[in-house]
Structure formats: C-alpha cells, structure tokens
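The values are calculated or read from the model by the stated rules, or taken from the named source; none is laboratory data. What you see is a predicted model; the values in this text were computed from it and never measured. Neighbour counts are summed over all protein chains in view; Cβ atoms, including those assigned to glycine, are modelled from backbone coordinates with ideal geometry. SASA here: full protein model, heavy atoms, side chains in, ligands and nucleic acids out. Shrake-Rupley method; radii C 1.70, N 1.55, O 1.52, S 1.80 Å.
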Amino acid sequence: IDMPDVLKPESSVTVNVKEQSGKAMTYTLAIVDEGLLDLTSFKTPRPWDHFYAKEALGVRTWDMYDDVMGAFGAEMTKLLAVGGDGAAETKKPNKANRFEPMVRYVGPFELKAGATGTHKIDVPNYIGSVRVMVVAGQDAKYGNAEKTVPVRSPLMVLGTLPRVLSPTEQVYLPVNVFAMEDKIKDVTIEVTTNDLIKVSGQSKQLLHFDKIGDEVVNFKLDVQKKIGIGKVHIVVKSGNETAKYDVELDVRTPNPSVAEIVEHGIEPGESWSPDILFTGIEGTNSATVELSNFPSINLDQRLKYLIRYPHGCIEQTTSAAFPQLSLSNVMNLNNDFKISIDQNIKAALDRLKLYQTNSGGLSYWPGQSDPSDWGTTYAGHFMLEAELKGYKLPAGLKSSWLKYQKNKADAYKVISYQPTYNSYTSAYYGDLAQAYRLYTLALAQSPDLGAMNRLRESKYLSLVGKWRLAAAYQLAGQNAVAQEMVKGLETDVPSYQELSFTYGSDIRDEAMILETLILMGDEKAAGLAKRIADYMNSRRYMNTQSTAYCLLAISKYLKENKTSDIMTFNYAVNGKEVATKNTKIPIFRDEVKTSGDKNAIRITNNGTGVLYAKLVVEGVPVIGDNSDASRNVNLGVRYLNMDREEITPDQIEQGTDFIAEVTVSNPSTRGYLREMSINHLFPSGWEIHNNRMDGFASTLTNSSSQYQDIRDDRIYTYYELGKGKTKTFQVQLNATYLGKFYLPTVTTEAMYDNEISARIGGRWVEVIKPKVN
C-alpha cells in the first residue's frame, strides 16, 4: 500500500495498490475508523489462514430425535433467537445523525501482472486514526496488507453535546481546539446553530497558543420551545488554516401529548365550524378530522396510542401492527399513509423472529427461552392474517410456530373442575387460550379436530371459550357444529380487567365475539359492533390488547357490512376549500393543514344522513404534570453518592458519579402485580453508565426483573411484585454536561390496567462546575 503517512480532514487522498512480486490479483480496498474496528477487535482478514487452516476429521451424523421427541409434544430444533436493548428497532429517518464514521469500501478490482491500482478516496470532516486494508486473491493464492494512518491537520476542533436535549433547557458546549503545529497562534472560534438552539451571549471567542497543545472554551446554548433535530456548526480559523465540526442531536420532549377532542353530529344540509387552537410546543401540534356515517370509534386517538406505546413485548409489538392490516377496508389512505402502514407491518413481522424460541413458540421479551402462551397465539394470528394479505413471512417462522401450536394443542388437558371466576387468576381463561390456539390452527388450514372435540365436550367451557371455539369450527368447515355451539349464547361479558395471562378485558372478549359473529354471518353483529364503537369513543381506558382487538373487529365489521349511505360533504380550513367528497368509505380521516396557532375549520354535510364528525387537536405542553400520585402501588426515588449516602439532585458537580435508586412496593390492594413497568427518563446532562459492559452492576442493588431496556436517555424496567413485597433497582449515572436540565417524571404502571400506577413529579436540576479546593 503506497499512500501518505498522514491524512488531512476534508481532503482527497491517492492510494496506490500493487502486488509485491508483480503478480496479477483481484482485491478489495477498505479504509475504516480504528475506533469502530476496536469495538469488535476486528483484525484485517487473512484468507490464506482461513482456507488453508488445518481441520479436524469431519464426521457427519444423522438422528431421528425431532421425530421421536415430537410424539411427546415437543420439538427439538437447533435455532436460538437472541435479542437485546432496541435490537430490532429500525433507525427512524428523522433521527439525528450524531456520528458520521470514516468508512470507505471499494472493489473488487482486477490488477494485471506488474500493474498498480490507483484509487482516489475522499476524507470527510473526520479526526482520528484509520486502518487501510487490502485483501487479495488469485488462483487459490491469497494475501493481505494493512497500514494505520492518522487523520489530522495543523488546526483541529472537537465539540461535544448530550445525546438529546429538551425544550427550554440550557447547556454549555465545550469546544476543544487543538494546535498541532507551532505556526498556530491566534485562533477564532465561532458557533452557529439552527432555529432549535440559540447561542446565549457571545457566539465568537478568541484563543492564543504559545506552543503546541489544546484549549477548551465554553459556549452557552439555550434550547428553544421547539422539537426536531438541533444542529450546531463550529468553525475555527488561524491564518490560512480552517477546521470545522458539526453536531446533530435530537431535541425531544419527555412530556406526553395532550389531546382536546370535540365532536358533533352534523345533520343533512348543516355545517359545523369549530376553532383549532394549538397550545403545544412547536413541532408537536397537529389536528385531525374524522368523519363517518357510522358512530365514531375514536380511530385517530386509539391508533396513536398503539403506535406510540413505548414498550416492545410480543403482545404490544403485535397490537401496534395488527389493526393496520385492515385500515384500508374502512378509511381513505393517501400514498404516504399506505407506505407507512406497509413499513410498519413488515417491521413487525421481521421483529417476530427475535421472540421465537427453540421450541417454535414466541417469548414475551426478545431472547427469553420460555414461550408466552397467549403471545404465541396472538402473534401467530397476526402473522397468518398478514400472509393472507400478501405479506411474505420470515423464513422458518410459520413452520416452527405451527409445529409448536399443534404440540401445545395436543398436550392441553381439559379442566375437569368448576373454576373460580377470578379476574386475577388464569383458571377461568385457560380454556380461552386453547380455543384461540385451535382457531389459529384452523386459520392456518391445519385444524386439530380431535383437540377441538375434546374441548367442546368440557362442561366447564367458558362463554368466550365457546365463541372462540365455534369460530374454529366455522373455519374448519364444520358450520353446523359452530351454529349449535353458539345457539342462545350471550354476547355480554362480565366486567373484568386482566394484568397478565391473556391481557384481556370484557371489551376485548366482546370484540372476539364480534369477530366470530362476522365470520358466521350472524345478524347480532350489528348491535355488538355499535356497543363496542360507543365504548371506544367514550375515552375510557383500553389497554393495548383491548384497543387492537376492538379496532380489528370493527374494521372487519365495516368491511363486511358497508352501508349503502354515501358520505357527501366538503370541508374548508381558514376559508379555503380542502376537500369535496362523495364516498362510501366508512371513515374519512385527514390531517388538517393549518397555519399559525389559531385556525378555523368548516364541515358541511351535503348528504341525506347524519354525519358523525370528530376533531382532535393535540400537542405536547412545555411543562408536564409534575405532581406525585399513587394508586395501588408505591414508588420512591432516591439519589446516592458512590459511598451510598443520600444526596439531592438539584445541583451536582460536573464529573460526579452517583446512583439513582428506584423502590417499588405492593400495598396488597390489588393482589399479585404482574406485567409492571418502570419508566425512568434522565436529564440531558446526565449520562447513563451501562454497568453490563464492565461488571460494575454486581455492586449495585438490583432486585430480579423480567427484562430491562437501556437506551440513550432512559431505562425501562419490567417486573412482577408479590403482595406486601418490595423491589429496588439502581443505576449508575454521571453528571457530564454543564447546564440546567429537566428531570422528567418517573412512573411505574401496570401495562394492562391504568388503575395500578404511581409517579414522582419532574423537577429542574443543574450540573455545576466543580469547586476548586
């Protein structure tokens, strides 16, 4: 490799490659940041050592274990799904690109004997060290070469900021200037920003160097009342030398969105003219209009709840995507919306592989070894419906799932005793899990009639279990049996709310009954659909399972029972006509294009029937709810120094390591607490020390948890808690950046029951300069 020994940022370099003895070869050229390579201790590939390594004698073996063990209700496979913190998350296009790595890979190239390959490579605005690697081969001969090259210039600059910022925060930007040669004396540093961040005070400072070295200067930045991608541009100059550095970071708000909903029944020939007044932070405000000739189901808010829900277990991953399969049946979709839905469904299907265990079932969290009974069936139902819609499933996902479901169905033992109807035990709804499993097998065109018949003979089969099993018979072509099973059955389910097991509720079960009525063409579907629609529109709490299933069932109902009524209307915003429609689509939904903080909308019903109109105006407030509260679970938060002495977080010196401690306790008012989460967000100026990386976690006090998700600015912890029990979770933090930051509200909640929750209100904290002794 023939090239300069030192590279300069924002320049072009010529790299010459030739074979040492002048032989012909085919090769590739890579230039990669040494820091990236060090993450995995990456060594330059040596093909010769790989292809000509000595190997032990290979012995091929075959066995029949899978077939033999399958007879006992289990399957042996050789696959293991693994997962981790955000392992399956796709980088969203609106995220800040904080670090642009130096990675260049070109080739392959053919080089004739005695020739030299010449390549011109652009070097970005990068400072550090790169490894130049050439890997070559020709006619079963192999070779490699490498060269480590520093990238620097006489004048260099580096700026650092937190991973994220929040509106109205203040942060100091440290700018590190490096004078690498004696000629660098007087240096000008200037900082410019986009509209999300403002420099407070001087945006330009001066430095003087008497010798080679580096100096740090600070610029105070104020975050504006906006969200988006903040950009900071740093330029340093000294004589003819110039260096630049850019920082991108996400400006996000930790507060939840607040929605104002107004609705109105517009009679034929009448108009409705509500005002749109935005009160949220710029960049968070939106208005949505929803029109229907069917009673409103609060589609906009229910969908957003599913999509925004932050946790990623198998149930919630499925719930976020499942209803989107049927949206095209009930509402107008523009191209952008169609593309977004398509991407969401494909991403959810790809993510399911992370949950699949070696038995073929799907675990509750990625990487766990035990399958989730209900989660496996629920995600499989989504998978099958997606396949029917034309989506391609990940290789091996369906076949392994199908074998697991068959084994599980055959191994199920019918309840032979009168169960206790208790919302917080699994006894009553164990048969529902089996009936649902049999339903999905029938949907997959692999009905297990033997298991279906055994379950049907149970004299303790629950109401919802009967409805779900009847649907399985209907799919299996046993229509007469299905009709006999539901003859005279009620459609009202007694009120209940489950914390775990099937994550169910009475409204979820009624949605499952509606799905069966639609499948069987029963006229009772109309009344039940109306009741479910009223429930969804009432703003009552619905967990992710109930929300998803109700949306799914109502969508199927509207598809199969399209009204002959035509919606004829037009609406205008700020006096300008936006749309005139004459459509049979059950639901019309549109994002209102607004200007400024106050707008006016006018909707006119030109049809012959009542037009149900809903306007949703939402935004995120600058300051959220900072109050403390507790319902059926207790929460405490303390901050400790490294000697385990309690400290106040209001002012912490820069560079200080400390510990955040969260304690949760069960007051026994709601029995055993399941599927609980702790949502712990941290100020922008504090950095999380991921103790998994260095083993320090062994010195922290951490009770057992089901799963923990560590991200840039927050930690989600998932746990269960027995009656009268207490658990404690600790994390090490560092006060990294000078400034004033917002410490968000810490919450704990049952993911499937909003009556179990607690919060510790947010507050402002500061990171101050260390005191000089």
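Against the conditions (1) hydroxyl-bearing (Ser, Thr, Tyr); (2) under 26 Å from THR14 (Cα atoms); (3) assigned to a strand (DSSP E or B), TYR126 satisfies every one except (3). Of the set (1) among the hydrophobic types (A, V, I, L, M, F, W, C); (2) more than 30 Å from ILE566 (Cβ to Cβ); (3) out of contact with any Ser or Thr (no Cβ under 6 Å at 6 or more places or on another chain), all apply to ILE339 but (2). Applying the condition of being of a type in the set (Asp, Glu) and open to solvent by 60 Å² or more (accessible area, probe 1.4 Å) to segment 582-615 and asking which residue is modelled with the highest pLDDT yields GLU591. The test for being buried (at least 21 other Cβ atoms within 10 Å of the Cβ), within 19 Å of VAL464 (Cα to Cα) and either touching a residue at least 60 places away in the same chain (Cβ under 8 Å) or of a type outside the set (Val, Ile, Thr) (or both) does not hold for ASP522.
Each residue in segment 393-413 was checked for being under 15 Å from ALA348 (Cα atoms) and in contact (Cβ under 8 Å) with a residue 24 or more places away in the chain, and 4 pass. No other residue among VAL262, VAL236, VAL330 is modelled with pLDDT of 85 or more, touching a strand residue (DSSP E or B) at 6+ places or on another chain (Cβ under 8 Å) and open to solvent by less than 20 Å² (accessible area, probe 1.4 Å) apart from VAL236. Could you grab me the full set of residues in segment 274-321 that are of a type in the set (Asp, Glu) and farther than 12 Å from THR544 by Cβ? Answer for segment 274-321, where residues must be of a type in the set (Asp, Glu) and farther than 12 Å from THR544 by Cβ: ASP275, GLU282, GLU290, ASP300. The conditions of being aromatic (Phe, Trp, Tyr), open to solvent by less than 30 Å² (accessible area, probe 1.4 Å) and either farther than 22 Å from MET383 by Cα or at pLDDT below 95 (or both) are not met by TYR541.
A quick yes/no check of all residues on (1) open to solvent by 90 Å² or more (accessible area, probe 1.4 Å); (2) under 15 Å from TYR105 (Cα atoms); (3) free of Cβ contacts under 8 Å to residues at least 40 places away in the same chain; (4) part of a loop (DSSP other than H, G, I, E, B):
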site	(1), (2), (3), (4)
ASP5	yes, no, no, yes
THR14	no, yes, no, no
GLY22	no, no, no, yes
ALA30	no, yes, no, no
LEU37	no, yes, no, no
LYS43	yes, no, yes, yes
TRP48	yes, no, no, no
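Where strands (runs of 3 or more DSSP E) fall wholly inside segment 521-625, the ranges with 2 or more residues that are among the hydrophobic types (A, V, I, L, M, F, W, C) and within 18 Å of SER296 (Cβ to Cβ) are 567-573, 587-591, 598-605, 611-619. If the condition is being assigned to a loop (DSSP other than H, G, I, E, B), open to solvent by 30 Å² or more (accessible area, probe 1.4 Å), in contact (Cβ under 8 Å) with a residue 40 or more places away in the chain and not polar (S, T, N, Q), then segment 165-215 contributes LYS183, LYS185. Before we move on, is ILE189 under 26 Å from ILE623 (Cβ atoms), aliphatic (A, V, I, L, M) and in contact with a Lys or Arg (Cβ under 8 Å, 6 or more places away or on another chain)? When the stated conditions are applied, ILE189 does not pass them.
The condition (being in contact with a His (Cβ under 7 Å, 6 or more places away or on another chain) and among the small types (Gly, Ala, Ser)) is satisfied by just one residue among SER677, SER757, SER705: SER677.
Report whether or not LYS54 is closer than 30 Å to ASP2 by Cβ, open to solvent by 100 Å² or more (accessible area, probe 1.4 Å) and modelled with pLDDT of 50 or more. So LYS54 fails the test.
Among the residues making up segment 126-150, those that are open to solvent by less than 40 Å² (accessible area, probe 1.4 Å) and within 30 Å of ILE197 (Cα to Cα) are TYR126, GLY128.
Restricting attention to segment 216-227, the residues that are over 25 Å from LYS769 (Cα atoms) and crowded, with 16+ Cβ neighbours inside 10 Å add up to 2. Looking only at residues in segment 151-164 that are within 27 Å of ILE121 (Cβ to Cβ) and in a strand (DSSP E or B), the one that is most open to solvent (accessible area, probe 1.4 Å) is LEU158.
The set of residues in segment 329-382 that are farther than 21 Å from LYS403 by Cβ, polar (S, T, N, Q) and touching a residue at least 12 places away in the same chain (Cβ under 8 Å) comprises ASN329, ASN332, ASN344.
Only one of these conditions is not met by ASP506: (1) open to solvent by 10 Å² or more (accessible area, probe 1.4 Å); (2) farther than 30 Å from SER292 by Cα; (3) of a type outside the set (A, V, I, L, M, F, W, C). Which number is it? Checking ASP506 against (1) open to solvent by 10 Å² or more (accessible area, probe 1.4 Å); (2) farther than 30 Å from SER292 by Cα; (3) of a type outside the set (A, V, I, L, M, F, W, C), the one that fails is (2).
From the list GLY609, GLY671, GLY655, GLY619, the lone residue that is touching a Gly at 6+ places or on another chain (Cβ under 8 Å) and not polar (S, T, N, Q) is GLY619. Considered as a group, the residues in segment 448-479 that are assigned to a helix (DSSP H, G or I) and of a type in the set (D, E, K, R) include one that is least open to solvent (accessible area, probe 1.4 Å), and that residue is ARG468.
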